[in-house]
Amino acid sequence: MHAGAGQTVLYDIGRAGSQRSFAAAAPLRVPLGSAPGVTLVVNGRATPLPPLPAGQSVARFTIAADGSLR
């Protein structure tokens with residue numbers, strides 16, 4: 001995950017059942033592997049992931065300052 005100025009905020013391979021919490025300046029560019037098994041919470045709200053292209057398991061999106069995904 002990369003913050004607005006390009007700095008890496010998080011680079012990790014999570015294990016099943018693990019959680020990651022952090023604060024960073026938006027926008028955040030997020031590549032998320034094994035996306036179907038992930039629950040995303042942004043600013044305390046459960047946030048649905050964008051639809052994945054057919055046959056893909058990696059979601060790529062941006063989290064804007066208002067918490068919306070693009």
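Whole-Hz Karplus values for the range 30-46 come out as 10, x, 10, x, 6, 3, x, x, 10, 10, 9, 10, 10, 6, x, 10, 4 Hz, taken residue by residue from phi with 6.51 cos²θ - 1.76 cosθ + 1.60 and θ = phi - 60°; glycine and proline positions read x. Per atom type, the chain shows carbon and sulfur on 53% of its accessible surface, probed at 1.4 Å.
For the chain, the solvent-accessible area of protein heavy atoms averages 74 Å² per residue (probe radius 1.4 Å; ligands and nucleic acids excluded).
Each residue of the range 50-66 was assigned a 3J(HN,Hα) from its phi angle through the Karplus expression (A = 6.51, B = -1.76, C = 1.60, θ = phi - 60°), giving x, x, 8, x, 3, x, 9, 10, 9, 8, 10, 7, 10, 9, 7, 4, 7 Hz with x at Gly and Pro. Within the shell of other residues whose beta carbon sits under 15 angstrom from the beta carbon of residue 62, the net charge comes to +2, with Lys and Arg scored +1 and Asp and Glu -1. About the centre of its Cα atoms, the chain shows a dipole size close to 40 debye [charges on the beta carbon of Lys, Arg (+1) and Asp, Glu (-1) only; nearest 20 debye]. Let me make sure I get this right: for the chain, a, b and c are the square roots of the gyration tensor eigenvalues over alpha carbons, sorted descending. Under 1.5 in a/c it's rounded, otherwise prolate if a/b > b/c, else oblate. Which is it? It is rounded, given that a/c, with a ≥ b ≥ c, falls under 1.5.
The values are calculated or read from the model by the stated rules, or taken from the named source; none is laboratory data. Fair warning: this is a prediction, and the values are worked out from it, not measured in the lab. All Cβ positions, even for glycine, are placed from backbone atoms using ideal geometry, and neighbour counts span all protein chains on display. Protein only, heavy atoms only, side chains kept; ligands, DNA and RNA dropped before computing areas. Shrake-Rupley method; radii C 1.70, N 1.55, O 1.52, S 1.80 Å.
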